[in-house]
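Encoded as structure tokens, the structure appears first; notes follow it.
The values are calculated or read from the model by the stated rules, or taken from the named source; none is laboratory data. Since the structure is predicted, the reported quantities are computational estimates derived from the model, not experimental observations. As a convention, Cβ positions derive from the backbone with ideal geometry for all residues, glycine included, and neighbour counts pool all protein chains shown. For accessibility, only protein heavy atoms count, side chains too; no ligands or nucleic acids. Shrake-Rupley method; radii C 1.70, N 1.55, O 1.52, S 1.80 Å.
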Amino acid sequence: MVKIAPSILSADFANLADDVIRVQEAGADLLHIDVMDGHFVPNITFGPVVIRSIKDRVDLPFDVHLMIEEPEKYISEFADAGADLLTVHAETQPHLQRTLQAIRDHGMKAGVSLNPSTPLSFIDWVLHDLDLVLIMTVNPGFGGQSFIPTMIPKIEELAGLLEEEGLEEVVDIEVDGGVTPETAPLVVDAGADILVAGSFVFKGPDGVDGNMAALRKVVEETLADEPEASLEDIM
Ligand code: DX5
Ligand code: ZN
């Protein structure tokens, strides 16, 4: 199954609670929450206080994507605020293994995100310490940017690596940036397990319900069309 994680970066912050309820009702699997500090990325969003304020409004797992320097300083704050999955950027981390362990010690799943220019080799030695790899398909910082197609072979390579290590059922591949019904089939075919979509879900042409349905439809069609998958299924 491929999951869809709407990013609240494109929600209406004046009515945030309504928007998160709306995406839950539209069939979201997780809520993707983008935290930015104006240092690691050239944009500032919000922190644990806002996350805590919406935690009891929905039942969705909170998938918190930290685009901040020194994220290791804030692990307990995000755990207390309600994060279920906490993702840090590899580029911020001299001691990545320690940070991932600390995230797990706080009862959360641990994720690592890689910017488009960051090689997969950054995570070679921590594959057993993480639950999710977030491949950025835009440079982080803003919603509404164009998908970078050269990230497709990177997703494929990661999927192959996880398979080699016997971790394909254990570690999820999440893809974030420029995901729309046009790009979703490419990332699903490449091996993505979770699709983050912000501007398409909240600002696409058919309202949140219609946009979520459109995305779900192309994902299901892509999975059904995959000849290898159907062959394996009947063998
Ligand atoms: C970008 C964020 C994304 C963003 C994606 O730095 O990490 O989660 O919300 O937005 P879209 O789907 O509009 O590219
Ligand atoms: Zn994100």
Closer than 30 Å to GLY210 by Cβ and more than 12 Å from ligand 1 (Cβ to nearest atom): does that describe VAL20?
yes
Mind listing whichever residues of segment 2-40 are touching a Gly at 6+ places or on another chain (Cβ under 9 Å) and under 18 Å from ALA81 (Cβ atoms)?
SER7, ILE8, LEU9, ALA11, HIS32, ASP34, VAL35, MET36, ASP37
Give the residues of segment 82-107 that are surrounded by fewer than 21 Cβ atoms within 10 Å (Cβ to Cβ) and either in contact with a His (Cβ under 8 Å, 6 or more places away or on another chain) or within 21 Å of ASP29 (Cβ to Cβ) (or both), sorted by residue number.
GLY82, ASP84, GLY107
Note on segment 148-181: residues within 18 Å of ILE8 (Cα to Cα) and either away from ligand 2 (no atom under 11 Å from the Cβ) or free of Cβ contacts under 8 Å to residues at least 40 places away in the same chain (or both) are GLY178, THR180
Among (1) open to solvent by less than 40 Å² (accessible area, probe 1.4 Å); (2) touching a residue at least 40 places away in the same chain (Cβ under 8 Å), LEU16 falls short only on (2)
Filter result for the condition that a residue is aliphatic (A, V, I, L, M), within 16 Å of ligand 2 (Cβ to nearest atom) and in a helix (DSSP H, G or I), over VAL201, VAL196:
VAL201
Looking at segment 133-144 only, could you name the residues that are touching a strand residue (DSSP E or B) at 6+ places or on another chain (Cβ under 7 Å) and away from ligand 2 (no atom under 12 Å from the Cβ)?
VAL133
Segment 193-213, subset open to solvent by 10 Å² or more (accessible area, probe 1.4 Å) and of a type in the set (A, V, I, L, M, F, W, C), residue farthest from ALA224 (Cα to Cα):
PHE202
Out of curiosity, is VAL188 within 14 Å of the chain's Cα centre (by Cα) and closer than 30 Å to ASP105 by Cβ?
no
Please name all residue pairs, on different chains or six or more residues apart, with Cβ atoms under 9 Å, provided the first residue is in segment 112-132 and is farther than 17 Å from ILE152 by Cα and the second residue is part of a helix (DSSP H, G or I) and small (Gly, Ala, Ser).
VAL112/ALA90; PHE122/ALA90; ILE123/ALA90; VAL126/ALA90
Restricting to segment 21-50, count the residues that are more than 16 Å from the chain's Cα centre (by Cα) and open to solvent by less than 10 Å² (accessible area, probe 1.4 Å).
1
In segment 117-147, the residues that are within 18 Å of ASP172 (Cα to Cα) and open to solvent by less than 20 Å² (accessible area, probe 1.4 Å):
LEU120, ILE123, VAL126, LEU127, LEU130, LEU132, VAL133, LEU134, ILE135, MET136, THR137
Name the residues in segment 155-192 that are within 16 Å of ligand 1 (Cβ to nearest atom) and closer than 20 Å to THR87 by Cα, would you?
ILE155, ASP172, ILE173, GLU174, VAL175, ASP176, GLY177, GLY178, VAL179, VAL187, ALA192
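Okay, residues lined up against (1) modelled with pLDDT of 95 or more; (2) open to solvent by 20 Å² or more (accessible area, probe 1.4 Å); (3) within 25 Å of THR45 (Cβ to Cβ):
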position	(1), (2), (3)
PRO149	yes, yes, no
LEU161	yes, yes, no
GLU164	yes, yes, no
LEU167	yes, no, no
GLU174	yes, no, yes
PRO185	yes, yes, no
GLY191	yes, yes, no
